[in-house]
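Enquirer: Sending over a structure as structure tokens; questions will come in a sec.
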């Protein structure tokens with residue numbers, strides 16, 4: 001795609017940026033070549049602005065590895081090795097990486113992010129499609145993923161976490177603020193969320209589930225250890241814990257909220273080492289049975 005001088009001016013760029021554009025490119029040039037030149041000149045903000053104005057392309061670039069101060073690419077990037085970038089990484093379509101990813105700034109991908117190794121981001125991580133990591137994901141700020149998420153190891157997020165699909169995490173989940181998952185959440189280890197956790201479907205943890213405020217799932221909640229919350233615990237169907245179920249002081253424990261009361265004995269069982277204090281709804285069924293399931 002060729003961007004002309006008049007085409008860029010129609011988007012009302014800042015005066016300094018447009019003057020630099022005219023001095024550098026005259027009447028215009030190839031879209032991605034313009035972006036590459038801006039990044040090489042240290043004008044990463046201008047390159048990101050150009051991508052925001054004119055959107056992604058179908059171009060695919062395949063490289064062995066990336067080690068740079070910043071990366072802005074309008075199409076799909078395929079990297080055979082690893083990605084090591086001190087600043088931001090902005091990709092219009094998908095980013096596929098055969099090794100690991102370390103980004104010192106924000107990482108934003110318009111479509112899918114697929115990484116065979118681990119992902120470490122020092123700022124915000126935004127993914128417009130699905131996120132897949134063979135190892136863990138460690139994001140120092142917020143994480144927003146419009147599709148599903150799958151990691152082989154831990155998922156750690158330093159601020160708010162939003163997942164638009166199903167989240168499957170091999171080991172532990174640790175979120176420093178609120179976590180929202182549009183579908184189910186499953187973790188092989190512990191799930192720890194400093195404020196509230198909301199899941200549209202079920203929540204399952206091989207270890208414990210501990211949240212600072214409210215815990216809510218549209219289907220069931222199951223943990224191998226404790227299910228604990230500083231606020232209320234609400235499940236549309238069943239609750240099952242290998243150890244205790246504990247809501248915050250003055251708050252209740254609710255199961256079967258999306259079911260008729262006559263279905264509670266079958267579909268809204270509450271199981272734990274002992275009957276939870278403040279159990280407001282659901283069918284108390286005693287200690288958790290081996291193999292008891294909660295839908296995710």
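Bear in mind that the values in this text are calculations on the coordinates, not laboratory data. As the structure is a computational prediction, the values presented were derived from the model and not from experiment. Don't worry about glycine lacking a Cβ; one is built from the backbone with ideal geometry, like all the others, and counts go over all protein chains shown.
Enquirer: Of all the Cα-Cα pairs you can form in the range 167-282, what percent are over 23 Å apart?
Expert: Percent of Cα pairs beyond 23 Å in the range 167-282: 17.
Enquirer: Applying 1/(1 + (r/R0)^6) with R0 = 25 Å to the Cβ-Cβ distance of residue 24 and residue 60, what FRET efficiency is obtained, to the nearest 0.05?
Expert: About 0.45, to the nearest 0.05.
Enquirer: Against the longest principal axis of the chain, how steep is helix 15-25, in degrees 0 to 90 to the nearest 10, with axes from Cα atoms?
Expert: With both axes taken from Cα atoms, the answer is about 60 degrees.
Enquirer: For the pair residue 15/residue 265, report the inter-label distance in nm, with labels modelled 7 Å from Cα in the Cβ direction.
Expert: So the label points at residue 15 and residue 265 sit 8.0 nm apart.
Enquirer: Decide, for the range 68-141, between rounded, prolate and oblate: order the square roots of the alpha carbon gyration tensor eigenvalues as a ≥ b ≥ c, take rounded if a/c falls under 1.5, and otherwise choose prolate if a/b is larger than b/c, else oblate.
Expert: In terms of gyration-tensor shape, rounded.
Enquirer: On a 0 to 90 degree scale, rounded to 10, what angle separates helix 44-54 from the longest Cα axis of the chain?
Expert: Approximately 80 degrees, to the nearest 10.
Enquirer: Could you state the per residue volume, in Å³, of the convex hull enclosing the Cα atoms of the chain?
Expert: Per-residue hull volume (Cα only) is 130 Å³.
Enquirer: A further question on this structure: Which value at 222 nm does the chain reach when only helices count, each DSSP H run of 4 or more adding -39,500 (n - 2.57), with the total divided by all residues and rounded to the nearest 500 deg cm²/dmol?
Expert: Taken over the chain, the calculation gives -4000 deg cm²/dmol.
Enquirer: Against the longest alpha carbon principal axis of the chain, how many degrees, from 0 to 90 and to the nearest 10, is the axis of helix 31-40 turned?
Expert: 90
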